[in-house]
Structures are given as C-alpha cells and as structure tokens.
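Reading through the structure tokens given below for one structure.
No value in this document is a laboratory result; all are computed from the given coordinates. Since this is a predicted model, take the numbers as computed values, not measurements. Don't worry about glycine lacking a Cβ; one is built from the backbone with ideal geometry, like all the others, and counts go over all protein chains shown.
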C-alpha cells in the first residue's frame, strides 16, 4: 500500500516537473517574441520621428520663402518711392556743389585724376621699358621708308634705271639707282577726356639723292605731308573725321612698279570715314599738286580744283568694293610771257571702281577708271590745255595686283596695267601703255632667298613714233628677317638685264648715256629697302 502511494507520488512529481519545464520553455518563447515586436515598434517610432522632423524643416523653409517673397514684393512695390526720395536727397545734397563747379574746374579735376593715375602706374611703367617711350612722348610716333644702295652698269660706269619712255612707272627690283627716304612724324595729341575729341598731326619730309652725290646741289628735299585731323566730334557718328592741310590722298599702289594709279594727293581738306550704312564716305576738296601745273596767266598761276567723293568698304560679291567720282575745273587765261597764247577754261570728271579681296598675305585688287577733260590725268593735277579741242581728251585705265603666299617658302606678286589716252588733238594724238610683270620669291632658308622679276612695258604713241617694248629681267639674292613677301628690311644683291626695240633706241631713259647706241644693257648692285 505504502509502495503504491510512493509510486503514485513519484509519477505525479514527474508530471509536475515536465509540465513546469514545458511552461518555462513556453514563457521564454513569448518573451523573445515580445522583444522582437518591441524592436520593430522602436524602429517604426524612429522613422516616424524622422519624418516629423523633415516635415517641420520643410514647413519652416516654406515659411521663410514666403517671407522672402513677401518682403521682395513689398520692396518692389516701394522701389519707385525709394528712388524718388533718393534722387531728391542727392539733389538736395549735391545741388549746391554742382552749381559751384565751373567748366574749367571740371577740366582741372579730370586732369588731376589723369595725372594721379599716371603717377600711380609709374612704377609699373618703369618695370616695362617697352612701354616707357609711348608714355614719355604722349602719342608721338616715328615712321618712315627708305631705299638705298649702289650699282654699276656692265660697262663699268654708274648705274641708271631702265624705264620705257612715256610709261608712268618701271619695274623696281634691281632698277632703282637713287637713295630715297620719307620720314614721318605722327603725334596723336593727348586728351584727358576719354569721351572727347581725338587729334592727330602728321608731317612727312622726303629726300632724294643719286647714289654717291650726297652733297650735290641737285639733291631734293620735299614736304610731302603736313596736316591735322580730328575725330570723335560728331555725336551721331563718332568715327567721322575732319582734316585740312597737305596730305597723300591715294589708293593702294601696285607695289613692284611703285605705281600710284589713283593719286589725289595735294592741298585741301575734307571729311572722311562717314558711316553711310552701306560703306564709309570721304568728301574731299583738293587743289592741284605743285609740280603738275606751272603756268602764269593774267588771272594768276593756272590752278585746278577738285571735289572728290569716295565710298569704300562696300560689300560686293567676292570681296569689298570702292566707288568714286571726282569733278575738276581749271580757269583759263592769257599767258603772261606770250600774250598770243591763251589757255581755255576747262572742266572734267573722272570716275572709278576698285574691287579688292583683303588679306595680309593673300589679296587681290582690280580697278577700272575713266577721266575726261581736265581730269584726263586721273590725278589731282591736270593736262594743261593748249586749245579748245583738248577738252575732248579722255583716258581709260585698268590695273590689277595679285599677291599670293603659295607655300611658307614661295610667294609671288603679279601686276598689270592697261592705259589708253586720247589727248583730243586735231590730228592723231593717242597713246597706249601696257605693262605686265611679276616677282616670285623662293626662300632657301629662313633668311636667305632667291627672287626674280621679269617685266614688260609696251608703248604705242604715233606722235613720238613709239611702237615697241622694253623687257627687263632681274635676279637677286635676298636676305630678310622672315619668309613672307613683304618681310623688311630686305638686303639684295642683284643683276638686271634689259632689252628694247628699235623705237626706243637712242633714248637716255633706257640706261643713261652708256647704252644710247645700243638696244640692251645690264646693271649690278646692292640695295636695302625698309619701312617702319
């Protein structure tokens, strides 16, 4: 019995232990589950708090933007009033001062400001020697051109140039026996007012001598230019300029023959660079050049007056265009030396057009001109009429110049001229001049090159019994700073050969005294040419 009770107790105890173990195990599982749920809730709470924080920040930013926009709108709304009040205040404060400042005092202030600025930059200028001369001279510039050398002819005498009679130019390479120089002083006058006028004064003096005759009385000085020019004086066209004096008024020359094919140089004045929308207009009054007319009459020395209109920088197909018209008039009279000689009054006109393709190394210019009466010369000067029939004279001229830098070492210039003149006489009195030539240059190295210049001039003039040609060929060794065509200074060693037809035989223009009985000749020499 007792055993049975003990057994039952043991069984009950076992069941209790198992139940307790099972309950404990189930409780631990519940706690772990609760912990996991708590962790998830914490994560959700943190995310919620972050979202709330971001929402508050966004709301604050929106409130600031609204405040800024409201403030901006408010300021914009009262800006006119602020401007009015500011203007009134400035006027009240500055009015008495402005009334006390005279024009002279204003200029003094401008000059002082300019002087102070110059003094402040003095140290910088002294550190930059290249700029110092420009500062010291205040706009004074020195420019010029010269050519000089010496040559002998193939007979051992002094070199003389080969030039066709009645031609207006000659091929230059190895064919210039003179020393010639032009010195140019240009002063760009200083103005303390940057909005004021611009002023320029230019003086050009030329001097020429024949090789080694430096002290001979035959040497020539000439004042070629002396004029002043002012710009920035028109409110409606700041680029327009006014000028007066003596100056060069001419279009670009044909370089290798030194031919100024439209030369209105002389004394006068006018306006230039007037903007017309389609181009730039020059209006010029020019008197005759000093050496063109040299006859005295009962009315005074014969004079020619020109009014010239030139429109340039016009856009045309394949480049730029320039157009001009020039009216001229000469008042006649009775010759003071011979009263039987009378010079009729005569007028005339010349017109022209130039087409050019601009470029530093590659360019081209072609021109066509027509002139009649007193303007038959196509220049500021005139052909002096000897009788009324000369009023019917006229001249046609075509010119061409082509420049090409073919390769870095090879360059060339080609020139051509055709000119026909009818002098208007009662008998056959016309003349034809045709010229064609070129100068190719090939550089063997950076500084040494070889250049040749073949050229031909044809003259047909029944009055002088000319109907023949002059051929000239020059070969030269060239030394220059660079390889381009116009690199200067250029040092040359040259040999020139010329040959001409029967019609020119005996003319002293073809090589001088040495070759009068001949139809060919040669020159040799050295030369330097430079411009700056």
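In whole angstrom, how long is each semi-axis of the equivalent ellipsoid of the range 152-200, when you take the square root of 5 times every eigenvalue of its Cα gyration tensor and sort them from largest down?
46, 14, 7
Can you put 232, 143 in order of Cβ neighbours within 10 angstrom, beginning with the fewest?
Values: 232 18, 143 13.
Least to most surrounded, the residues fall as 143, 232.
Report the relative contact order of the range 297-417, percent, no decimals, based on alpha-carbon pairs under 8 angstrom and at least 6 residues apart.
The normalised contact order for the range 297-417 reaches 19 percent.
Within the range 150-177, name every residue whose backbone N is under 18 Å away from a label modeled 7 Å from Cα of residue 210 along the Cβ vector.
Answer for this model: 150-165, 175-177.
Once the mean 1/r over all distinct Cα pairs of the range 293-417 is inverted, what Kirkwood radius in angstroms do you read off? Mind showing how you got there, number by number?
Numbers: mean 1/r = 0.0596 Å⁻¹.
16.8 Å is the Kirkwood radius here.
For a quick check: sort 154, 374 by the number of other beta carbons within 10 angstrom, fewest at the front.
The fewest-first ordering by Cβ neighbours comes to 154, 374.
Per the Debye formula with a single identical scatterer at each Cα and no solvent contribution, what log10 I(q)/I(0) holds for the range 418-532 at q = 0.10, 0.22 Å⁻¹?
-0.43, -1.14
Between residue 315 and residue 410, how many nm apart are label points set 7 Å from Cα along the C-beta direction?
3.6
May I ask for the percentage of alpha-carbon pairs in the range 470-531 that lie more than 16 Å from each other?
Summing the P(r) tail past 16 Å for the range 470-531 gives 54 percent.
Starting from the Cα of residue 248, step 7 Å along the direction of its Cβ; do the same at residue 487; then give the gap between the two resulting points in nm.
Reported label-point gap for residue 248 and residue 487 is 2.4 nm.
Looking only at Cα atoms, what is the convex hull volume of the range 221-317 per residue, in Å³?
146
Could you please rank 444, 234, 254, placing first whichever residue has the fewest other Cβ atoms within 10 Å of its Cβ?
If I rank by nearby Cβ atoms, fewest first, I get 444, 234, 254.
For the ranges 271-284, 161-174, 190-203, what's the packing order if you count other beta-carbon atoms within 10 Å of each residue, average per peptide, and put the highest first?
Highest mean packing first, the order is 161-174, 271-284, 190-203.
If we sort 448-459, 331-342 on the protection proxy, mean other Cβ atoms within 10 Å, highest first, what's the order?
Per-residue mean Cβ counts within 10 Å order the peptides as 448-459, 331-342.
With each pseudo-label sitting 7 Å past Cα toward Cβ, what's the residue 392-residue 141 distance in nm, one decimal?
5.0
In terms of the Cα gyration tensor, with a ≥ b ≥ c the square roots of its eigenvalues, is the range 424-467 rounded because a/c is under 1.5, prolate because a/b exceeds b/c, or oblate?
prolate
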